[in-house]
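Let me begin by presenting the structure, written as structure tokens, before commenting on it.
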Amino acid sequence: MTLAGKTALVTGSTSGIGLGIAQVLARAGANILLNGFGDPQPALDAIRGHGVKVGHHAADLADVAQIEALFAFAEHEFGGVDILVNNAGIQHVAPVEAFPVQRWDQIIALNLSAVFHGIRLALPGMRARGWGRIINIASVHGLVGSTGKSAYVAAKHGVVGLTKVVALETATTSITCNALCPGFVLTPLVQQQIDARAGDGDPQQAEHELLAEKQPSLAFVTPQQLGELALFLCSEAGSQVRGAAWNVDGGWLAQ
Ligand code: NAD
């Protein structure tokens with residue numbers, strides 16, 4: 001299967017899951033527009049190794065004007081976005097009554113509203129070209145709750161709902177919209193939670209306890225595995241998967 005000639009915009013792809021997905025799509029021939037904070041050079045080099053066109057735009061997706069600038073850049077530099085992977089996301093853990101209001105607003109803006117803005121800006125071009133794939137990286141927390149994660153769980157449930165509506169509104173077209181719902185993946189986002197849990201104690205013990213609480217496989221999901229599933233959703237075989245919230249979670253939701 002080849003994605004040659006297609007362009008994938010993967011938000012939040014300077015590290016973690018986004019970078020893993022971008023690498024698999026690049027391996028299949030897609031041109032890649034990266035987004036995210038920090039030094040983009042290692043990610044750019046990793047993608048360039050696949051011989052595809054690659055670029056980076058550092059838009060802060062909590063800011064609507066910057067999202068619009070990102071899509072204008074995609075149009076100008078790549079001729080539009082055929083595959084949109086809404087991946088950028090942040091986490092904050094605190095009980096709801098102590099949840100910092102500013103962190104709530106940031107999480108809703110990035111983890112939910114940016115997904116809406118990305119979709120509304122990508123869809124007209126996908127409709128005009130007659131093909132598109134929208135893949136929203138939600139979470140098992142789009143389907144169940146956990147203590148301390150009110151903003152994250154609310155945003156991710158919102159993403160799963162938004163995914164269903166967009167899938168229905170595009171149901172008769174060659175554009176599909178789905179959500180992936182990962183369990184724990186060992187990225188900087190989860191490493192912060194392990195470090196907070198370990199405190200001065202043993203990080204490996206903290207890692208084991210984190211998995212043992214939720215993820216029966218006791219193994220992390222990998223960015224590569226999520227990339228392969230995203231690639232399947234881009235294939236002809238995946239073209240009637242619409243509005244799914246596909247959990248990849250080591251058994252988390254089977255309990
Ligand atoms: P990560 O921290 O490794 O990567 C997040 C990416 O988003 C980075 O590239 C970062 O620069 C970027 N980013 C952060 N704030 C941004 C902003 N305002 N604008 C633009 N980019 C921004 O995290 P990750 O674990 O790879 O998470 C990626 C996605 O996967 C998130 O939506 C997260 O909720 C989801 N997810 C993660 C896990 C997990 O266990 N790691 C599980 C389920 C879902």
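We did not get these values from a lab; they are worked out from the coordinates using the rules stated. A quick note: this is a predicted structure, and the numbers were derived from the prediction, not measured. Neighbour counts run over all protein chains shown; Cβ positions are idealised from the backbone, glycine included.
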Listed residues I175, A196, G16: farthest to the positive end of the dipole of the chain (Cβ charges): I175
Total lysine pairs under 28 Å (Cα atoms) in the chain, excluding pairs fewer than 8 apart on one chain: 8
Give, in whole angstrom and from largest to smallest, the semi-axes √(5λ) of the equivalent ellipsoid of the chain, with λ running over the eigenvalues of the Cα gyration tensor. 29, 19, 19
Which of L110, L70, L121 moves the most in a Gaussian network model of the chain with Cα springs under 10 Å? L121
Fraction of the pair-distance distribution of segment 114-255 above 27 Å, Cα-Cα pairs, percent: 27
Size of electric dipole in the chain: Cβ of Lys, Arg +1 and of Asp, Glu -1, about Cα centre, debye, nearest 20: 820
